[in-house]
Amino acid sequence: MNILNTKAAILSTIMDKASLKQVVYKNTKEIFEELRTVVKNLIEEYNSELGEVDENILLSFEDKGEFEYQIKIASDILVFSLHTNVFQFNRDHNVWKQAYVKTDPDNAYSGIINVYNFLADSFKYTRYEDLGYLVARIFINREKHYIVEGKRQLGLLQTDLSVSTADHDNLRNIVETAINYSLNFDLLVPPYDNVKIMSVGQMFEKIQNARIPTGKRLGFQFKSDDV
């Protein structure tokens, strides 16, 4: 009898959890595609005004396939990436304090869309050692509610999973705020001690491959930007 009960419990869990995760992933994929449309429309809108000033500063969109697309803005690139898995928040996360999740823990299962910031030259010159930064990540649940985590300066932190819905206006706000943050997140000179010594072999290798590592905060911990 215990074996039958255990089997029934396992089958029930598999069916319930698999179904839930499929719904969450489907929602996240749909939002990712809506975000793609928002990005394209935003670029077209901005370029209609920027083109009157200087065609060399126009924004551009590059489709990298089903799970990734990019925006180039001036000397920056924002990469939007869809994770193919569904996640549960760890028990220390603030989301577990919300009645929306306490009432139904299934509401905490979420898909993730990551937004990374890189230097455009890192891609142009294939500088594999250059650094990029996660500036925001968007969590989407089974009811298409979302929260956003990111740097404090990003100004778009949405932490209440119960009230926020991933509609067009909210998605546009996320994109524009991420762009604004990245444009104002400046490239800093690396600490002298990090670059003061280099072997002949390293120098030849870097000359041949244009692999002098560059990043907006090279040599600094990202958290120092929060001060």
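Since every read-out is calculated from the coordinates, none of them should be taken as a lab result. Everything numeric in this text was worked out from a predicted model, so none of it was measured. With ideal geometry, Cβ positions are generated from the backbone for all residues, glycine too; neighbour counts draw on all protein chains shown.
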field: Whole-Å semi-axes of the ellipsoid equivalent to the range 1-144 (Cα gyration tensor, √5λ, descending)
entry: 40, 16, 14
Violating pairs (Cα-Cα greater than 28 angstrom) within the set Lys17/Lys102; Lys21/Lys97; Lys40/Lys144; Lys21/Lys72; Lys26/Lys102: Lys21/Lys72
message: Within 10 Å of each candidate Cβ there may be at most 11 other Cβ atoms; applying that plus a DSSP loop requirement, which GluC sites (Glu not before Pro) in the range 53-107 survive?
response: Glu66
Virtual spin-label span in nm between Asp63 and Lys40, 7 Å along Cα→Cβ: 0.6 nm
field: Burial order of peptide ranges 17-27, 44-54 (average beta-carbon count within 10 Å, highest first)
entry: 17-27, 44-54
- prompt: Length gain on complete extension for the stretch Thr6 to Asn114, per 0.36 nm per residue less the alpha carbon to alpha carbon distance?
  reply: 35.1 nm
